[in-house]
Amino acid sequence: MKTIVRNPTEGVYPATGDYVHALEVQGAQRLLFVAGTMGLDASGVPGKTLEAQLDLIWSNLRAILASAGMTVDNIVRLTSYLTDPAYAEANAAARIAALGGRAVPTTAIVVQTLTSDWLVEIEVIAAA
């Protein structure tokens, strides 16, 4: 599989270092659409802090990806759902760390979650 970053420099605002406008995927034979994943432990209990939930989310995503023979390197699209805009910086830092600095198309949206203890939810698309 080959990926090509598509960041036009004319006719659109510039992308920042932690995301790209588009990522073209060539030669992928499989796509994995991962539902919104929360910061819950194996018993379904949410982490007590934003940082704990972000750690759990990325751990959960790694397990889901591994079940399909993939890793975070296969993520080609990411959407974060935050319950507070103040969580954006920590969420971005966790994403950058989890992806090893690799930028992918990403969107962050402020929402109300189904349970008030869920502070952030992340869904991804992966390709292989």
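A 1.4 Å probe, protein heavy atoms only, puts the accessible area of L31 near 110 Å².
May I ask you to list the trypsin sites (Lys or Arg not before Pro) in the stretch 1-80 that are in a DSSP loop and have at most 16 other Cβ atoms within 10 Å of their Cβ? Each step should come with its number before you reach the end.
On the way: sites: K2, R6, R30, K48, R62, R77; in loops: R30, K48.
Here the trypsin sites (Lys or Arg not before Pro) that fit, given the DSSP loop and packing criteria, are R30, K48.
Within the assembled protein chains, the solvent-accessible surface assigned to D55 is about 110 Å², based on a 1.4 Å probe.
Count Lys and Arg as plus one, Asp and Glu as minus one, and take only other residues whose Cβ is under 10 Å from that of G47; the net charge is then -3.
Pairs of Cα atoms nearer than 8 Å and 6+ residues apart set the relative contact order; for the chain it is 35 percent. For the stretch 59-110, the Kirkwood radius over C-alpha pairs fed into Stokes-Einstein at 37 °C and 0.692 mPa s yields D = 279 µm² per second. According to the Cα-based calculation, Rg over Rh for the chain is 0.98, with Rh computed by the Kirkwood formula.
The share of accessible area on the stretch 74-117 that comes from carbon and sulfur is 55 percent, using a 1.4 angstrom probe. The distance separating the Cα centre of the stretch 13-42 from that of the stretch 58-128 comes to 8 Å.
Normalise the Debye intensity by I(0) for the stretch 19-80, one equal point scatterer per Cα, no solvent, then take log10 at q = 0.12, 0.13, 0.20, 0.22 Å⁻¹ and round to two decimals. Relative scattering, expressed as log10 I(q)/I(0), comes to -0.35, -0.41, -0.85, -0.97. On a per residue basis, the chain carries 56 Å² of accessible surface, using protein heavy atoms and a 1.4 Å probe. Taking only the Cα atoms of the stretch 1-49, the radius of gyration and Dmax are 17.1, 49 Å.
The values are calculated or read from the model by the stated rules, or taken from the named source; none is laboratory data. Note that the structure is a prediction, hence the values are computed from the model and not measured. We place every Cβ from the backbone using ideal geometry, glycine too, and count neighbours over all the protein chains shown. The area values use the complete protein model at the heavy-atom level, side chains included, leaving out ligands, DNA and RNA. Shrake-Rupley method; radii C 1.70, N 1.55, O 1.52, S 1.80 Å.
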